[in-house]
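To start, the structure under review is shown below, and the notes come after it.
The values are calculated or read from the model by the stated rules, or taken from the named source; none is laboratory data. All values derive from a computational prediction rather than experimental measurement. Positions of Cβ are backbone-derived with ideal geometry, glycine not excepted, and every protein chain shown enters the neighbour counts.
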């Protein structure tokens, strides 16, 4: 029978009975030490004794230890013995018994003393928009809770304004503040990175080896920009006319390129979904074209928007008004065209282009300016964890935002494997849902909050006008204001460029939940 490895944490795993033939594969899986917790002759002649297993382990390059535990369970002395033993053993460790259960219980007992670790009512992973807002929201509701935020960065960014920076309509300095200045004063800031989760033990493992215990866990680290997936991109970003509004230090370079260009070819790109703020790739194009038009040089510039997907926007209602701007600016659309390689000094980009039959060809295009939106994915420590769904995102119920297998775990923001738009506006609504549901869970009550998939994408179609796209699951329109949402408006520009940044710093991050009616509809 094939053995199955069950991962307890990043350092320790367990399995059922092994045989000598399994040990080369155990070594190949990366384990350094093997511990036998099953007493010899417990299961009859077909059970290899520990001496046989030790010889095979050593032959396979594994360190071997024998710590037999009766089926009645481990004693305190045996737990202490294992705790002392594993300190000096090479990691990671695989322990086995008949089913793996004794080994798991022994490890839990052995680490209990060492894991009289800092334990909080709630641990929040991530100090971005979602993390700061949910912490503030919970502490406003119950200031007695011990809430820790795990966040390694020293700066906090208002990322929605980076598109405006790239269009010359916002100052980059106004998009960043020290993390300490936005951290809720009653929260515990753990300035560290997460390496793994041990949800069965309700523990977060940090990169420095420390552990944090929790009663409830809120996972909101955002997503990861995978620049490395485009060949040649990283070494040319910020020079050779290659830029991106998706990075704080590059958005000003976008504006530098836009305002200095008088003629030439400009390529804008959009990778496969999901990405944060799905409208941002084309917003960069609209603001650039508007500037070139107002300065009388647009006719001398060839503009092309390469989208990996088959449609300009995911909600059909907004496609027609956006197409009017595409036509006004004379931009060319290249659908199912995905950027895969860049030669910055050579001013050349390569795209994989799919036809209607699914055939893919590689197309070479030259450029004077290239605005890149990188592929995006869940952070590595999420993708390799037990909390991930099949696609690597945090698995949550799309309405309650509670993990389906670990009910004490909730998710907020871009990391969630839900179909809503990944925007700060979505996080703003999700924060209220999770705060309500988590506090209900702590009281043993039914979860009251239901998320409808709300997200907002203020589409900056020109400097001074915005199409305010607000929608939920299935593309259902969810406008905040009683106006036609497809019409570009100056008032929506004021909302995007002035009111929302002010509200972000002074409202959302402070736990003030204006315009967040999340009652079930």
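A few comments on the model shown:
- Residue selected from region 429-457 under the condition touching a residue at least 12 places away in the same chain (Cβ under 8 Å) and over 22 Å from the mean Cα position of the chain (by Cα), by the criterion surrounded by the fewest Cβ atoms within 10 Å (Cβ to Cβ): 448
- Subset of region 384-406 that is assigned to a loop (DSSP other than H, G, I, E, B) and in contact with a helix residue (DSSP H, G or I) (Cβ under 6 Å, 6 or more places away or on another chain) - its residue that is surrounded by the most Cβ atoms within 10 Å (Cβ to Cβ): 401
- Taking the numbered list (1) part of a loop (DSSP other than H, G, I, E, B); (2) within 30 Å of residue 453 (Cα to Cα); (3) outside the structural domain of residue 415 (by TED's automatic domain parsing) in turn, residue 320 passes all entries but (1).
- Restricting attention to region 448-506, the residues that are in a strand (DSSP E or B), within 24 Å of residue 170 (Cα to Cα) and touching a strand residue (DSSP E or B) at 6+ places or on another chain (Cβ under 7 Å) add up to 14.
- Filter result for the condition that a residue is farther than 28 Å from residue 510 by Cβ, more than 27 Å from the chain's Cα centre (by Cα) and buried (at least 19 other Cβ atoms within 10 Å of the Cβ), over 461, 466: 461
- Check on residue 241, touching a strand residue (DSSP E or B) at 6+ places or on another chain (Cβ under 6 Å), modelled with pLDDT under 95 and either under 17 Å from residue 165 (Cα atoms) or surrounded by fewer than 20 Cβ atoms within 10 Å (Cβ to Cβ) (or both): no
- Residue match in region 424-438 (condition: in contact with a helix residue (DSSP H, G or I) (Cβ under 6 Å, 6 or more places away or on another chain) and over 27 Å from residue 214 (Cβ atoms)): no
- Top-ranked residue in region 5-23 [being out of contact with any strand residue (DSSP E or B) (no Cβ under 8 Å at 6 or more places or on another chain) and part of a helix (DSSP H, G or I); ranked as farthest from residue 102 (Cα to Cα)]: 21
- Region 412-440, residues that are closer than 12 Å to residue 398 by Cβ and not in a helix (DSSP H, G or I): 416, 417, 418, 419, 420
- Assessment of region 165-172 against the conditions (in the same structural domain as residue 125 (by TED's automatic domain parsing), in contact with a helix residue (DSSP H, G or I) (Cβ under 9 Å, 6 or more places away or on another chain), at pLDDT 90 or above and assigned to a strand (DSSP E or B)) yields no matching residue.
- Looking across region 267-286, not a single residue is surrounded by fewer than 24 Cβ atoms within 10 Å (Cβ to Cβ) and farther than 30 Å from residue 391 by Cβ.
- Elements of type helices (runs of 4 or more DSSP H) contained in region 34-142, each with 3 or more residues being surrounded by 14 or more Cβ atoms within 10 Å (Cβ to Cβ) and modelled with pLDDT under 95: 76-87, 101-114
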